[in-house]
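**Student:** The structure under discussion is supplied below as structure tokens; questions concerning it will follow.
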Amino acid sequence: MEFISEHHDRRLNELETNLGYTFRDRRLLRQAVTHKSFTNENPSLNLQHNEALEFLGDSVLNFTISTRLYELFAGSTEGELSRFRSVLVSGQHLVELARTLGLGGFLLLGRGEQKTGGEAKPNILIDTLEAVIGAIYLDSGIRPARAFVHRIFSGSLRRLKQHGFLLVDFKTQLQEYLADTGRVPPRYVKVSEEGPDHDKIFAMRIEVGGETLGEGQGHSKKEAQQAAARQALEILQGRDEENS
């Protein structure tokens, strides 16, 4: 336990730099990056895993994003605000944020999860990000937790406010682009389905003419398909621009 604590504490200094937040109680941060597989394999260490923090962080995240959307889009309907929020807290988007923060490299995982690439699994990254938010809330209260959420979502909120960037129906755009350029329709293939029934993470692959052009994750198949379609559209448009 002493070796793990000392070694991991040195790594957690780097993580705090990535997060832009320094914990008063370092135990909360360690708990936030401790997966249940690690505590199951190391019961003698008496560590807590991050599931309870994830539960708390999910609530803080949704409250904070809902409040911010109300402030930015005060004239929008309830349905519009709900759609905005669902995109911002989608599995695909949370995975992107977790990867930007480098959370996967700081996880404490059991040997089984390590062997199967647990540090890159979408559901583990999402849970860890939510756990970090919950840990910040317990460490310092709602203001620092909200400030952290505002900071990591700032780019997405700015694009949403200025361009509606996150609200594009990429599946429809891709379908129309393929038809306009004389290509065959896309084929969506489910790659994986992970997590409990109430919190599934789907991964979908998109193929055009037998070529894989994108892969996306989300809390539903439709959400994952949208993410994959976005990648495929960007690739095809980039190729066509280069060849024009």
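**Student:** Among what's in segment 194-237 and is of a type in the set (Asp, Glu) and without any contact (Cβ under 8 Å) to a residue 24 or more places away in the chain, pick the residue that is farthest from residue 96 (Cα to Cα). If you could, list the steps in order and put the result at the bottom.
**Tutor:** Going residue by residue through segment 194-237, those that are of a type in the set (Asp, Glu) are 194, 197, 199, 207, 211, 215, 223, 234.
Retained after the next criterion (residues that are without any contact (Cβ under 8 Å) to a residue 24 or more places away in the chain): 197, 207, 211, 234.
Values: 197: 22, 207: 22, 211: 24, 234: 17 Å.
By that ranking, first place goes to 211.
**Student:** So, restricting to helices (runs of 4 or more DSSP H) that lie completely within segment 122-193, which ones have at least 1 residues that are within 30 Å of residue 24 (Cβ to Cβ) and in contact (Cβ under 8 Å) with a residue 24 or more places away in the chain? Explain how you work it out, then say what you get.
**Tutor:** Details: elements: 122-140, 142-163, 170-180.
In segment 122-193, the matching helices (runs of 4 or more DSSP H) lie at 122-140, 142-163.
**Student:** Please determine, by comparing only the residues of segment 65-97 that are among the basic types (Lys, Arg) and over 19 Å from residue 200 (Cβ atoms), which one is modelled with the lowest pLDDT. Full working, then the answer.
**Tutor:** Step one: of segment 65-97, the residues among the basic types (Lys, Arg) are 68, 83, 85.
After this cut, where a residue has to be over 19 Å from residue 200 (Cβ atoms) as well, the list is 68, 83.
On the way: 68: 95, 83: 76.
Once the filter is applied, the top-ranked residue is 83.
**Student:** Pairs please, first residue from segment 46-70 and over 18 Å from residue 150 (Cβ atoms), second anywhere and not in a helix (DSSP H, G or I), Cβ atoms under 6 Å, 6+ apart in sequence or on different chains.
**Tutor:** 47/34; 49/34; 50/34
**Student:** Additional query: Return only the number of the condition from (1) of a type in the set (Gly, Ala, Ser); (2) surrounded by fewer than 12 Cβ atoms within 10 Å (Cβ to Cβ); (3) modelled with pLDDT of 85 or more that residue 238 does not satisfy.
**Tutor:** Against the list (1) of a type in the set (Gly, Ala, Ser); (2) surrounded by fewer than 12 Cβ atoms within 10 Å (Cβ to Cβ); (3) modelled with pLDDT of 85 or more, residue 238 comes up short only on (3).
**Student:** Shifting gears a bit: Which one of these does residue 169 not meet: (1) within 28 Å of residue 67 (Cα to Cα); (2) over 15 Å from the mean Cα position of the chain (by Cα); (3) at pLDDT 85 or above?
**Tutor:** That leaves (3) as the condition not met.
The values are calculated or read from the model by the stated rules, or taken from the named source; none is laboratory data. Values in this document were obtained by computation on a predicted structure and should not be read as measured data. Don't worry about glycine lacking a Cβ; one is built from the backbone with ideal geometry, like all the others, and counts go over all protein chains shown.
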